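K.L.:
Sharing a structure, written as structure tokens. Questions coming.
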Amino acid sequence: VSASGGDALDALKLAPAISIRNNEISMVGGEATRVLIDGRLLQLSGEELISFLNSISADDIKKIEIITNPPAQYEASGGGGIINIVYKKGRRNSWKNSTSFSYNVNKYSFVTLRNNFSYNKNKIQLNASLNATRGSLQNLENSTAFFPSSTWKVKVNSKDTKKSNSVRFSLNYLLSDNIEIGGQYMGSFNSPFSEAPGTTEFYNQSNQLDSLLVKTEPRNRSINSNVYNAHIITKLDTLGRKLTIDFDYFDYNNELQANAVVNTFSPTGDFISINQSVINHTNQKIDNYSIKGDMQHPFNNIDLSYGFKFSSVKTKNRLDNFNTITGIPVLDTNLSNEFEYKENVQGFYMNASKKINDKWSLQAGLRLESTETKGFSETLNQTNKNSYTKLFPSIFVSHRRNDNNTFTFNYGRGISRPVFRDLNPFRSYVNSNVYSEGNPFIQPAFIDRFTFSHNYKGKFITSLYFSKTTNGFGTLFSAEPENNIQAVIRRNYYNGTYWELSEMYNVKLTSWWKSQNYAH
């Protein structure tokens, strides 16, 4: 109810154990989390994922499944668990249309208009929605870098304009009592504009202002994505055997033009020189193909499921940098780049669950994934390949002590793969003193997760979580004091352990008032 009139990101902000910070969605344990739509993985992360979730109406969502330790039928990627967003399908033998208008109040404010239509009658199940958002947000960023002889303070106060449209259409048809076919399309079309004025202040050892850089950088962007799905669900018998086949295609295109001018000023505000003047044209294109098969195969004393998924992801990223310090754009080949990244994953799994008696139940699974990656920098004429095959076990044990107390334990192993930005070896300069570069030799990290929980009457849920990360990688900020240069680099640099104790309290205060409280 609290997210009514909002988007999927608003709903996730209200979900327990979910944290959204710096364009990253994470849950208990602090690792980045993968997002699925109706059980189908989105090949997006960071800013791209946030933008896509902003296009989904919260009123279209039936439920959000938060799975801290996914079983074997889910992909092993995503060391922080998975979030599955399930769409509403509409009531049987009915149709419904709803229109909503919302106004979000902030420093600049924005408005959203949504229309949702559902039809569910006889053999046809149809859903359609249209959404449009217009307005602006304020974005504030502050950071400080300390050098032996100076301190840098960076401040950004930006007005980011939202201009987005999205559409969703799904259709399912019952060919017979045992066969259902269907498809879904989701499109998101965004044209955001941002003004990103920034100031970098340089202080000497006496903490006196020496000089400052003032940056103006209007950014025009075009972010478009399309998700296509076709599926068939076949019930093989009356015992519950069911085969599901999914074909998915996803494309994403992100274009940016940024005109950046950085001027150097004295402490008194007098102009000294032009530090940097450039125009950046960037284009990122992602194509993802996948086919997935899942078989539910119950027996008299055990429920068995098994399946496969083959996926192929291709990412192209191009940057054209033009030096405009003379007033005439000149292509700078040293700061321009083209990088192509391919990733193929073949996965197979088997999962078994059994209710041993009225008190004990058990589920165990094993997933095998084989991964091949290839990164090619046309600018550096450098190719890097990687290939590995790994096993990912999982186990779940539940003990119902009595009507009031239930204990559960689960263990799972996952993988965190580097994205193309982490692997691109090209060096990109923010200004003459700050650059960022990827590392093509980064290896995946592996996460072993353990969770022990106690549920008392459905009101008090106590959970103890522990995870161990092997060969972890991430972003490091490195300084070169002799040159007054700050570098943003990527490395495999740690093995880590993490533990967390959480408590959730659910209470029904009245017939119309429920309260959910979470602490960790």
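The values are calculated or read from the model by the stated rules, or taken from the named source; none is laboratory data. Just so we're clear, the structure is a prediction, and the values are computed from it rather than from any experiment. When we count neighbours, we look across all protein chains shown, and the Cβ atoms used for this are built from the backbone with ideal geometry, even at glycine. For accessibility, only protein heavy atoms count, side chains too; no ligands or nucleic acids. Shrake-Rupley method; radii C 1.70, N 1.55, O 1.52, S 1.80 Å.
K.L.:
At most 15 other C-beta atoms within 10 Å and a DSSP loop state: those are the exposed chymotrypsin sites (Phe, Trp or Tyr not before Pro) I care about. Give me the longest piece of the chain that has none.
P.N.:
Answer - 109-298.
K.L.:
Work from the charge dipole of the chain (Cβ charges, +1 for Lys and Arg, -1 for Asp and Glu, about the Cα centre) and give the residue of L126, L236, N317 farthest towards its positive end.
P.N.:
Checking the options against the dipole of the chain, the answer is L236.
K.L.:
Taking the simple approach of a point 7 Å from Cα along Cα-to-Cβ for both N220 and S336, what is their distance in nm?
P.N.:
Label-label distance for N220 and S336, simple model: 1.9 nm.
K.L.:
Once the dipole of the chain is set up with Lys and Arg at +1 and Asp and Glu at -1 on Cβ about the Cα centre, which of W499, N275, F339 lies farthest towards its positive end?
P.N.:
Farthest towards the positive pole: W499.
K.L.:
In deg cm²/dmol, rounded to 500, what helix-only [θ] at 222 nm does the chain give when every DSSP H run of at least 4 residues adds -39500 (n - 2.57) and the total is split over its residues?
P.N.:
The helix-only estimate for the chain comes to -1000 deg cm²/dmol at 222 nm.
K.L.:
Additional query: In terms of modelled amide H atoms, which long-range or inter-chain residues lie less than 5 Å from the amide H of E75?
P.N.:
none
K.L.:
Y435 to F247: FRET efficiency via 1/(1 + (r/R0)^6), r the Cβ-Cβ distance, R0 45 Å, to the nearest 0.05?
P.N.:
Working from the Cβ atoms, E equals 0.60.
K.L.:
Given a 1.4 Å probe and heavy atoms of the protein chains only, how would you sort R318, R40, R168, largest accessible area at the top?
P.N.:
So, going from the largest accessible area down, we get R318, R40, R168.
K.L.:
About the Cα centre of region 83-197, what is the dipole size in debye to 20, counting +1 per Lys and Arg Cβ and -1 per Asp and Glu Cβ, all else neutral?
P.N.:
Approximately 400 debye in magnitude.
K.L.:
Dipole of the chain (Lys/Arg Cβ +1, Asp/Glu Cβ -1, origin at the Cα centre): which of Q284, L140, I67 lies farthest to the positive side?
P.N.:
I67
K.L.:
In region 121-149, whose amide N lies under 15 Å from the spot 7 Å out along Cα-to-Cβ of V488? List them in ranges.
P.N.:
140-145
K.L.:
Starting at the first residue of region 149-163, write each ³J(HN,Hα) from the Karplus equation 6.51 cos²θ - 1.76 cosθ + 1.60 with θ = phi - 60°, in whole Hz, x for Gly and Pro.
P.N.:
10, 7, 10, 10, 10, 10, 10, 10, 10, 10, 9, 9, 8, 9, 9
K.L.:
Which distance in Å, rounded to a whole number, links the C-alpha centroids of region 189-248 and region 308-381?
P.N.:
15
K.L.:
Something else about it: Could you size up the charge dipole of the chain around its Cα centre, putting +1 on the beta carbon of Lys and Arg and -1 on that of Asp and Glu, and report it in debye to the nearest 20?
P.N.:
Rounded to the nearest 20 debye, it is 2120 debye.
K.L.:
Let me ask something additional. Which of the lysines could a cross-linker span from K468 if the Cα-Cα distance has to be under 24 Å and same-chain partners fewer than 8 positions apart are dropped?
P.N.:
Reachable lysines: K390.
K.L.:
In Å and from the alpha-carbon atoms only, list the Rg and Dmax of region 229-348.
P.N.:
My reading of the Cα-based Rg and Dmax gives 26.4, 83 Å.
K.L.:
Sticking with this structure for a sec: Separation between the D358 and N106 pseudo-spin-labels, each 7 Å from Cα along Cα→Cβ, expressed in nm?
P.N.:
Using points 7 Å along Cα→Cβ, the separation is 5.4 nm.
K.L.:
Cα to Cα, under 21 Å, and not fewer than 8 places away if on the same chain: which lysines meet these conditions relative to K385?
P.N.:
In chain and number order, the partners are K285, K314, K316, K342, K374.
K.L.:
Can you spot the aspartates and glutamates whose alpha carbon is less than 20 Å from K359's alpha carbon? Ignore those fewer than 8 places along the same chain.
P.N.:
Straight-distance partners of K359: D303, D403.
K.L.:
Relative contact order of the chain: what whole-number percent is it, with Cα pairs under 8 angstrom and at least 6 residues apart?
P.N.:
Relative contact order of the chain: 8 percent.
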